Structure formats: structure tokens, C-alpha cells
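*Asks:* Please find one structure pasted underneath; my questions will follow.
Every read-out reported here was derived from the displayed coordinates using simple, explicitly stated rules and does not represent laboratory data. Small disclaimer: the values here were computed from a predicted structure and weren't measured. Here the Cβ positions follow ideal geometry from the backbone for every residue, glycine too, while neighbour counts run over all protein chains shown.
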Amino acid sequence: MDQTLYLILLLIALCSVSECVQRQYHFINVPKNWTEAQSYCREKYTDLATVDNMKDMNELRKNANGGHVWIGLFRVGVPWQWSDQSNSTFRNWDSGQPDNYGGYEKCAEIYPNTGRWNDNSCNSQFSFMCHEDKLILIKENLTWPEALRYCRQNHVDLVSVHSEEIQRRVMNVVKQASTEAVWLGLHNYCLMNMWLWLSGEIVCYQNWAPGNGVEPEDCRLEKRKGAVQSGGDQRWISLPETRKLNFICRNDE
């Protein structure tokens, strides 16, 4: 079998969704009302805890230390929303909740024993859970090689987007970008005309904008790298690596 074809088939066989954790939780055992807890988390970390799925929920419970705990879910009017403006629709309400008892329960807490959620008065004093995103937007305009060097020197690496969950977090981060697109750790391997992440993984989950990432790239002209649009529907696009853009670093510390 041709060596190049064999390598392509091997990469496809290894295609799998990464379970890399992109959010770290910090339990703060100091009673505060919800607004005070939000201010503390935004000053010290990223925000009050957002929960995307049951895996996040289990991680959050593992870091909590008993007692009632504030998370970043609150209500203005009818819909509940997250403090960091995440679009996560995950909910873990206890039976019969939220019930808005007395008409003033507009903030969410976690019950200590079950991990289920309850709405409570935002003025109640509880411990709380902050989260720290491991995705960091750098608002410097650098070429892709320069951005790669920056991330590896100051953090870990340019971000890889292996799943829809990580894409949602990238979308939240790039809203603050000052360029029309933001570099990802995505590059075109000219020899096989394949897109790969810096880890060497093939692109399994994909979120390309129409006309990008599908047609063969002409490597004779310029090396192509992947970026995510900071506006619109925030899809991935192919750009020459010499374009100067903001970029997202991954920080696992």
C-alpha cells in the first residue's frame, strides 16, 4: 500500500474526540451573597462557575467541600442565564425546582448532598464555586508562527478544538477579539493536503465556513493555517500564515 495512503487511513482510524478539560473549578469557602461571589470570581479567576454537562458537574462536586454553594446561574426576567454569558443549556435542578418561592429566588445554588440545584435569594450568604477558563485570548496581532511561539513560551500551546463543547468556549472567548478572525492551532499538512491540529491529531470535529477546509490548498503559493471568525457564526477559515491576528492560547496549569 502507498505509504501516504496508509498514513491517511491510520490517522482516520485514530480519529477521536479529545476529553481535554478546558475549565478548572475553584471552591471558595467564604460566605458571600451571589453578587459579591460574582465580583470575587471575576477579579481572581474568570467568573462564577458555569456547567456545560454532567462531566463538569461531577468535577465541580469533587472540588466542593459540603454546604450550599453558589454557581453562576441567575435569572433576569424569565430565562435563566450564566454569569459569563455562556450559551450552555445544561440544567441539574432538584425536583420541583426552580420554584421562585416568595417571588424573589433568582440565583442558583447547589445542594450539598445530592448536587442538585435550587433557586434561592441572591442575598443569601453561601460559599461559592469559581471557574477559570484555560482558553486565553491574546489581543496582540501576530502571524501564526509568532502566535505559536508566544503560546508555547507563555502558556502551553495554541488551542485545538476537538469537540462542539470546546468550540462553544472558543466562541465565548473570541467575542472580545479586536481582529476579524483569531488563530487556532490548526495547520494544513501540504504533503497529504490534510488539516491537522498541533498535537498531530486529524480534524474529526469540524466547523468550517463554506468554501474552507475542503478544497485542496495550493502550498506552492503560501502555507495555510486555520482561524476562527470572531463575528457572525464564528466558523473556521483558511488563511495565509502571514496574516496578523489575535490568537487563543491553551493554559493547563
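*Asks:* DSSP loop trypsin sites (Lys or Arg not before Pro) in the stretch 189-230 with at most 14 other Cβ atoms within 10 Å of their Cβ, which ones? Before the final figure, lay out each step's value.
*Replies:* Numbers: sites: R220, K223, R224, K225; in loops: R220, K223.
Those that pass, being in a loop and sparsely packed, are R220, K223.
*Asks:* Using the Cα centre of the stretch 134-250 as the reference point, and only Cβ charges (+1 on K/R, -1 on D/E), how large is the resulting charge dipole? Debye, rounded to the nearest 20.
*Replies:* Numbers: 15 positive and 13 negative charges, 74 e Å.
With Lys and Arg at +1 and Asp and Glu at -1, about 360 debye.
*Asks:* Calculated from DSSP H runs of 4 or more alone, at -39500 (n - 2.57) each and per residue, what is the 222 nm mean residue ellipticity of the chain, nearest 500?
*Replies:* -6500 deg cm²/dmol
*Asks:* Hey, what's the Cα Rg ratio for the chain versus the globular rule of thumb, 2.2 N^0.38 Å? Please list the in-between numbers first.
*Replies:* Values: Rg = 21.0 Å, N = 253, 2.2 N^0.38 = 18.0 Å.
Rg over 2.2 N^0.38 Å, computed on Cα atoms: 1.16.
*Asks:* If the label point is 7 Å along Cα→Cβ of E180, which residues in the stretch 200-232 have backbone nitrogen under 20 Å from it?
*Replies:* Residues 208-214, 222-232 fall inside that zone.
*Asks:* Compute, for the stretch 23-132, the length of the dipole vector about the Cα centre, with Cβ point charges of +1 (Lys, Arg) and -1 (Asp, Glu) only. Units Debye, rounded to 20.
*Replies:* 120
*Asks:* Same structure again: Calculate, for Q125 and D157, the FRET efficiency according to 1/(1 + (r/R0)^6) with r their C-beta to C-beta distance and R0 45 Å; round to the nearest 0.05.
*Replies:* Computed FRET efficiency for Q125 and D157: 0.65.
*Asks:* Suppose a student asked you for the relative contact order of the chain, using Cα pairs under 8 Å spaced at least 6 residues apart; what percent would you report?
*Replies:* On the way: 481 pairs, mean separation 56.0, N = 253.
Once normalised by length, the contact order is 22 percent.
*Asks:* Going toward the positive end of the dipole of the stretch 134-250, with +1 on Lys and Arg Cβ and -1 on Asp and Glu Cβ, which of S178, T242, W197 do you reach last?
*Replies:* Toward the positive end, the furthest listed residue is S178.
*Asks:* Right, next: On a straight-distance basis, which lysines could pair with K175 in a cross-link, Cα separation under 29 angstrom, same-chain partners fewer than 8 positions away excluded?
*Replies:* By straight Cα distance, K175 reaches K44, K55, K106, K134, K139, K223, K225, K244.
*Asks:* Charges at C-beta only: +1 for Lys and Arg, -1 for Asp and Glu. How large is the resulting dipole of the chain about its Cα centre, in Debye rounded to 20?
*Replies:* 300
*Asks:* Give me the one-decimal Kirkwood hydrodynamic radius in Å for the stretch 23-132, with the sum taken over alpha-carbon pairs.
*Replies:* 13.5
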